[in-house]
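Chemist: The structure under discussion is supplied below as structure tokens; questions concerning it will follow.
The values are calculated or read from the model by the stated rules, or taken from the named source; none is laboratory data. On a predicted model such as this, the values are computed, not experimentally measured, just so you know. Glycine gets a Cβ as well: all are built from the backbone with ideal geometry, and neighbour counts include every protein chain shown. For the accessible areas, the whole protein counts, side chains as well, though only heavy atoms, and no ligand, DNA or RNA atoms are used. Shrake-Rupley method; radii C 1.70, N 1.55, O 1.52, S 1.80 Å.
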Amino acid sequence: MIDYVEALESQTSRGRSMHRAILALFMAGALQPTDYPVNDPLMKTYKAAVRAAFQKEIDEGDQARDQISSIVENPTNNPEDAADDAFAQAAAAVKHRLSRNRVHLEHLTAHLGGFKPRNRDELRSEHEQALLSAVGLRPPEWDRSDGERDFEEIWHNGHVPLDARIFAQRPCDTCASRTTSMPTSRVGQREILNSACFCQLNRARAIGGAVSMLIANVRDLVLQNPDDQFLQSIVNICSNTALRFLLREPRKVAPSRPESIVPSTLFFLHDCRWLRSGAALLTQIALLRLSDANVHASIPAFVARAMSEAMRRGRLLRSDGGVELLLALDGTVHAAELLKLSEQHHR
């Protein structure tokens, strides 16, 4: 209890609002539901606070999306003029976001991961479509009627994605029922949040947050050290999975932005195939780091669990690099648990 209160006080003392302080604790996994009885007052309070923080971030976290949504939902003119205004607003928002550094990152990572680089117009078009899809003005790319999806195809480098078998399966019934709306819309995100128990939310936080942070970290390191063969081998693994899109995107999850854990968690939660792909990737990279072909796949999770139990999360949360370490440990543990459950499910 004292450790939790101290951790919360340390976050609010940094000038963070209460809801973002709660999200900082959630990102670090400050309280684990498996460590507390079901009716524990502290855990019940924490769960409610996390859900309220998620709800506030869903309602207020994406200003560009919400401005476009407001134009569509409350038109001052006829619907056609409102649609034109929404498209113009999306174009203006993307122009503001699409910096020279973003285009430069695209070309650097395209070479690094073996992608075909997108030019500025292609990036602009994709960002605009993402915003318009989130407010229902365009169909999302992954709902194309022809059924063809990028991760089901052979990459242009001739490789079959390592997680192709995962995505060849249809979404499970639970995931399919989470929302009928676009997952990045306000309605869709609310429905995804409300459809999940806290343990599911915590698992998506751990695996999704760990994967997002790991890929961004390794990418930045290998760009600084292009001759590092170990880092390059990790990038090669990442670039041959459906999660390779994270290599070419700006950092999605960062401890300095605790609110960033919200869209990451909801994205990985809305389709368990992304979770299973992330879990497999985390496990494979953890085994690679052990540098021993004879190590059993359960060893990384065993080590991560032992390290996590030996640490005081509240204290580590306040240290440099503490949140990244906690996410990496939690991600590895939850990945092993999810893959074991997945194996049982498909027997």
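Chemist: So residue 38 clears everything in (1) open to solvent by 20 Å² or more (accessible area, probe 1.4 Å); (2) in a helix (DSSP H, G or I) except one condition, right? Which one?
Modeler: Condition (2) is where residue 38 drops out.
Chemist: Let me ask something additional. Collect the residues in region 90-109 that are hydrophobic (A, V, I, L, M, F, W, C), closer than 17 Å to residue 251 by Cβ and at pLDDT 85 or above, keeping them in residue-number order.
Modeler: Correct list: 103, 105, 108.
Chemist: While we're looking at this one, here's another question. Can you tell me which residue within region 214-230, out of those that are open to solvent by less than 20 Å² (accessible area, probe 1.4 Å) and among the hydrophobic types (A, V, I, L, M, F, W, C), is farthest from residue 335 (Cα to Cα)?
Modeler: Among them, the one singled out is 222.
Chemist: Only one of (1) among the basic types (Lys, Arg); (2) open to solvent by 30 Å² or more (accessible area, probe 1.4 Å); (3) closer than 26 Å to residue 36 by Cα fails for residue 170. Which number is that?
Modeler: It fails just one condition, (3).
Chemist: Can you list residue pairs whose Cβ atoms sit under 7 Å apart, with the first residue in region 30-47 being within 27 Å of residue 255 (Cα to Cα) and the second being at pLDDT below 85 and surrounded by fewer than 16 Cβ atoms within 10 Å (Cβ to Cβ)? Count only pairs 6 or more apart in sequence or on different chains.
Modeler: 42/1
Chemist: Here's another thing I want to ask about it. Looking at residue 134, is it modelled with pLDDT of 85 or more, of a type in the set (Gly, Ala, Ser) and surrounded by 12 or more Cβ atoms within 10 Å (Cβ to Cβ)?
Modeler: In short, no.
Chemist: Another question, if that's okay. In region 186-210, how many are farther than 29 Å from residue 37 by Cα and open to solvent by less than 10 Å² (accessible area, probe 1.4 Å)?
Modeler: 1
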